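> Sharing a structure, written as structure tokens. Questions coming.
Every number in this text was worked out from the coordinates using simple rules, so none of it is lab data. Just so you know, these numbers come straight off a predicted model, no measurement behind them. A quick note on method: Cβ atoms are made from the backbone with ideal geometry, for glycine too, and the neighbour counts reach across all protein chains shown.
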Amino acid sequence: MIQRRHILALGMAGGVALLAAPLRAQPALEATAFGLDGSSDADQSSALQAAIDAATGLGQALVLPSGIYPVADIRITAPLRLQGSGRTVLALARGDTILSIVGAADVTLDGLAFAGNGGGTGRSDTGLVQLQDATGAVLRDCRFTDAPAQALLLARSAATVTGCSFGRSADAAIFSTDSLGLHLSGNRITGCGNGGILLWRSEPGWDGSVVTGNTIADIDWRDGGNGQNGNGINVFRADGLIVSGNQISNCAFSAIRLNTASDTQISGNTCTHSGETAIYSEFAFSGSVIANNLVDGAAGGISMTNWDNGGRLAVCSGNIVRNIAARSLTNPDVNPYGIAAEADAVITGNVIDGVPGIGIGVGWGPFLRDVLVSNNLIRSTESGIVVSVAEGAGAAQITGNLISDTPRPLVAARWTDIVSDRLQEDAAQFPALTVSGNTLR
């Protein structure tokens, strides 16, 4: 074990070089050798920074034993493995940030807890842990609690975050901008003020992140708005994402909300008790696959809309949507529906049960082009399938659906006005529509 007096005796930069030979024989450096004390209330930032600089200079891991270490503004700028015990707590001593990884490759944080402890200013551009221009970063089995803003803030970085827990973040648990590709898996997120996982880009472009197997719950919308806050997973301008196998519950707005995101796959997620639309692909999206998800409890089930802003090209299949509420507590403009689409979309093989409104909405006013609705089961809704026949609306094909326990199974509408509630018989009046083979019970 290296003694602290040896480090102090060596002085400035020359100390690391002189120690290199004996330390390289060891698998890791012990942080306690640099004066870190897990039982002290004193700010230990300088000691931890010295230990990190020594470890990166020697190319060795740094081990932090169990204890609570008050620190702030620690920087890692070179490859490093920072290893905790699972009960190693880095507590915010001042400011907003505990640790930053800047311009570094291959940094691993393992078995560490990062605690905000009610401190910080709450500036939205800060995180307890920050990554900037980092590649190959790994955060494994770490805990984040009481972040004054973001728990984990990433910019232009590639990282794997797995098996971590995030609790009581004032803003969001994970907020990434312009990522180089993230893999977020097996994390637990709860009690965030504005969002769970946010994947944003400054301009539309390829992202390629994978978000899978996470549990997200109790997401509020502290800063208000009509959808930018209150989402379990929020994607903005980021293309090529896979969002799969997540359990998402009790979000003020959406479980999964994609805005201007193309080539995305949303599959196998369980979304319960959403305050607004559970799964939303909106504005200038192109190429959304929304498949095999379960939506139970929301003001709207699944939406693929905004053709007026270029939103088009979607497949919605194999989903269960049930127990839709009569109104949204967070967005009073939402009328209840199961699934809605407007342009270049296929809606097939879904089950919709219990909607005090529209089961499947096809188009809105003139915003309808080439929508296929087939082989869906719709039960216990006020209107089964409502298709727009307003001036300028395009083509739709409605075939092979089973609709039961629904007063108005097939409806043609101009905006909110019902033109026909017997569309099976009246379809010939609307040349842009093909309506056939539906079973109405």
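> Check which residues have an amide H placed less than 5 Å from Asp106's amide H, if you skip close sequence neighbours.
Thr135, Gly136, Ala137
> Build a GNM of the chain with springs between Cα atoms under 10 Å: which of Ala115, Ala326, Ala55 gets the top mean-square fluctuation?
Of Ala115, Ala326, Ala55, the most mobile in the Gaussian network model is Ala326.
> Given the options Pro407, Pro366, Pro27, state which has the largest fluctuation in a GNM of the chain using a 10 Å cut-off (strictly under) for Cα springs.
Evaluated over the chain, the most mobile residue of the options is Pro27.
> Mind checking the angle between helix 45-58 and the chain's longest principal axis? C-alpha axes, 0 to 90 degrees, to the nearest 10.
90 degrees
> Using a Gaussian network model of the chain with C-alpha springs under 10 Å, which one of Asp125, Asp110, Asp308 is most mobile by mean-square fluctuation?
Asp125
> Right, another one. Give me, ordered by chain and number, the residues 5 or more places off Thr330 or on other chains with an amide H under 5 Å from its own placed amide H.
none
> Amide H neighbours of Gly95 under 5 Å, at least 5 residues apart or on other chains, H built in the peptide plane: list them.
Residues meeting the criterion, in which the H sits 1.01 Å from N, are Gly120.
> A further question follows. Evaluate the relative contact order of the stretch 66-440 (contact order divided by residue number), counting alpha-carbon pairs under 8 angstrom at least 6 apart; express in whole percent. Intermediate values should be presented prior to the final figure.
Working: 1367 pairs, mean separation 25.8, N = 375.
Normalised by residue count, the contact order of the stretch 66-440 is 7 percent.
> Something else: On full extension of the chain, what length is gained from Ala42 through Asp405, given 0.36 nm per residue of separation minus the C-alpha to C-alpha distance?
Computed gain between Ala42 and Asp405 is 123.9 nm.
> Next question, about the same structure. In debye, nearest 20: dipole of the chain around its Cα centre with unit charges on the Cβ of K, R (+) and D, E (-)?
Values: 26 positive and 38 negative charges, 190 e Å.
Dipole size: approximately 920 debye.
> Ignoring everything except DSSP H segments at least 4 long, calculate the 222 nm mean residue ellipticity for the chain; use -39,500 (n - 2.57) per segment, divide by total residues, nearest 500.
Working: 4 runs with 36 residues, N = 441.
Rounded to the nearest 500, the figure is -2500 deg cm²/dmol.
> Could you give the semi-axes, largest first, of the ellipsoid that matches the stretch 348-405, computed as the square roots of 5 times the alpha carbon gyration tensor eigenvalues and rounded to whole Å? Provide the component values of the computation, followed by the final result.
Working: eigenvalues 86, 33, 10 Å².
The equivalent ellipsoid of the stretch 348-405 has semi-axes of 21, 13, 7 Å.
> Can you work out ³J(HN,Hα) from phi for every residue in the stretch 141-153, in order, using Karplus 6.51 cos²θ - 1.76 cosθ + 1.60 and θ = phi - 60°, giving whole Hz and x for Gly and Pro?
6, 9, 10, 10, 9, 6, 5, x, 9, 8, 6, 10, 10
> Turning to a different aspect of this structure: Please give me, ordered by residue number, the trypsin sites (Lys or Arg not before Pro) of the stretch 316-419 that lie in loop per DSSP and have at most 14 other Cβ atoms within 10 Å.
In loop regions of the stretch 316-419 (DSSP not H, G, I, E or B), the sparsely surrounded trypsin sites (Lys or Arg not before Pro) are Arg327.
> Convert each backbone phi in the stretch 59-64 into a coupling constant with the Karplus relation 6.51 cos²θ - 1.76 cosθ + 1.60 (shift: θ = phi - 60°), then list the ³J(HN,Hα) values in order as whole Hz, x for Gly and Pro.
3J(HN,Hα) across the stretch 59-64, in whole Hz: x, 10, 6, 10, 9, 10.
> Once you wrap a convex hull around the alpha carbon atoms of the stretch 66-440, what is its projected area averaged over all directions, in nm²?
Working: hull surface 66.3 nm².
Projected over every direction and averaged, the Cα hull of the stretch 66-440 covers 16.6 nm².
> Once the Cα atoms of helix 14-24 and of the chain are each reduced to a long axis, what angle between those two axes, in degrees from 0 to 90 to the nearest 10, is obtained?
Tilt relative to the chain: about 80 degrees.
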